[in-house]
Amino acid sequence: MLKKTILSSLLAIFSLGCFAQPQWQELNLRHYDEIKRIRFGFTLGANILDFSTISVLKPVTLPGVANPVRVRADVVSMRPGFNINAIMDYRISGVFNARILPGICFGSRDLQFYDEEAAGNEALYTMPIQSNYIELPIQLKYSAKRHSNFRPYIIGGINLRSNLTYKDDENSGNYFQFARFEPFYEFGIGLDTYFYYFKLSVELKVSKGIENVLAKRKSTPGFDPYMEVIDKMNSQSIQLSFHFE
C-alpha cells in the first residue's frame, strides 16, 4: 500500500511539472534565489505512517486463543495524519541549500496479528498505534535549473524524532512500549513554484527508520506473546508537504 501511494504521488508531481507552460508566463520573484542567504517559512503536510516488520513465525499462545499458533504481524490499514513545520533555509550556493524544519507530526496505524496457518485472512487481534512526534529534519536540497516560474529539486537528509506516545497504553489497546527517540533517513523530490509574492513547493518525501522500535522488548504484563512474534520492527512513512516561503 505504501509503495502504491508513493508511485501515485510521484506521478502527480511529475504531471504538475510536465503540463506547466512556462513560455508565456511572466517571471515572478526574479532574484529570489540570489538576494537572501537565509529564508524562513512554514510547512503544512499530510503523512501516512507504516511499520516494516520481520515476524518470527514460531508457535505462541496468545491471550484468548486456546492452542499455540504461528503468528505473523503486519500493518494493513493506515490512516492519514498531518504535520506542521517551520522552515529555516540557508543558501549554500546557486544549487545547494541546507534546511532545518522543526515541527510536530501526528499519525496512526493498525498493527494486525494473523494465524499463518489459518485458511482465512481474518486478524486474530488488531492493535491500534497512535504516534505523536516532535521532529527535527535536517536536509540538503539540490535544485535544478529554473524554468520560468518552476524549479524541480531533490532532497536528502536525516530526521530526529521524539515519540511522545512511546509508552504502552492498555486503555487504547496498544500493549507495546516503543523507542522514545527514533532516527530516520529521508529522501524526496519536489517542485518550486514562484508566485508574485511567495514561493510554494510541493514535495514528496519518504522516511525510513534506522533502529528497531521494539529494541527494549517491553510490553504490558500478560501480553508478552504479541511481542514474541516480532523479531524486528522499523518505522517508515511517506509525506506530502506544501512549503510556503
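For segment 38-80, what are the residues that are in contact with a helix residue (DSSP H, G or I) (Cβ under 8 Å, 6 or more places away or on another chain) and over 16 Å from residue 113 (Cβ atoms)? If the condition is that a residue be in contact with a helix residue (DSSP H, G or I) (Cβ under 8 Å, 6 or more places away or on another chain) and over 16 Å from residue 113 (Cβ atoms), then 48, 50, 78 are the ones that fit.
Beta carbons closer than 7 Å, at least 6 apart along the sequence or on distinct chains, pair a first residue in segment 162-176 that is within 20 Å of residue 211 (Cα to Cα) and open to solvent by less than 40 Å² (accessible area, probe 1.4 Å) with a second that is among the hydroxyl-bearing types (Ser, Thr, Tyr) and in a helix (DSSP H, G or I) for 175/226.
Among the residues making up segment 185-217, those that are out of contact with any helix residue (DSSP H, G or I) (no Cβ under 8 Å at 6 or more places or on another chain) and farther than 25 Å from residue 136 by Cα are 195, 196, 197.
For segment 27-59, taking the residues that are surrounded by 14 or more Cβ atoms within 10 Å (Cβ to Cβ) and of a type in the set (Asp, Glu), the one that is nearest to the chain's Cα centre (by Cα) is identified as 50. Does segment 190-204 contain any residue that is open to solvent by 80 Å² or more (accessible area, probe 1.4 Å) and under 24 Å from the mean Cα position of the chain (by Cα)? Looking through segment 190-204, none of the residues is open to solvent by 80 Å² or more (accessible area, probe 1.4 Å) and under 24 Å from the mean Cα position of the chain (by Cα).
Within segment 70-102, the residues that satisfy the criterion of being over 13 Å from the mean Cα position of the chain (by Cα), of a type in the set (Gly, Ala, Ser) and assigned to a strand (DSSP E or B) are 73, 77, 86, 98.
On inspection, residue 186 does not qualify as outside any strand (DSSP E or B), surrounded by fewer than 21 Cβ atoms within 10 Å (Cβ to Cβ) and among the acidic types (Asp, Glu). Residue check: residue 145 meets all listed conditions (1) modelled with pLDDT of 90 or more; (2) in a strand (DSSP E or B); (3) open to solvent by 60 Å² or more (accessible area, probe 1.4 Å); (4) not small (Gly, Ala, Ser) but one, namely (2). Taking the conditions exactly as written (at pLDDT below 95, over 14 Å from residue 129 (Cα atoms), open to solvent by less than 10 Å² (accessible area, probe 1.4 Å) and not hydroxyl-bearing (Ser, Thr, Tyr)), does residue 229 satisfy them or not? Taking the combined requirement at face value, the residue satisfies it.
Here the condition is being open to solvent by 10 Å² or more (accessible area, probe 1.4 Å) and within 18 Å of the chain's Cα centre (by Cα); of 120, 157, it holds for 157 alone. Among the residues of segment 205-245, write down those that are over 18 Å from the mean Cα position of the chain (by Cα) and assigned to a strand (DSSP E or B). Those that are over 18 Å from the mean Cα position of the chain (by Cα) and assigned to a strand (DSSP E or B): 219, 230, 231, 232, 244. Cβ-Cβ distances below 7 Å connect the following pairs, each with a first residue in segment 66-94 that is over 30 Å from residue 200 (Cα atoms) and without any contact (Cβ under 8 Å) to a residue 24 or more places away in the chain, a second residue that is open to solvent by 50 Å² or more (accessible area, probe 1.4 Å) and in a strand (DSSP E or B), and a separation of six or more residues or different chains: 68/59. Quick check, is residue 182 under 17 Å from the mean Cα position of the chain (by Cα) and acidic (Asp, Glu)? Spelling it out, residue 182 is indeed under 17 Å from the mean Cα position of the chain (by Cα) and acidic (Asp, Glu).
The values are calculated or read from the model by the stated rules, or taken from the named source; none is laboratory data. Because the structure is a prediction, the values reported are computed rather than measured. Cβ coordinates were reconstructed from backbone atoms using ideal geometry, including for glycine residues, and neighbour counts include every protein chain displayed. All accessible areas refer to the heavy atoms of the entire protein, side chains included, with ligands and DNA or RNA removed. Shrake-Rupley method; radii C 1.70, N 1.55, O 1.52, S 1.80 Å.
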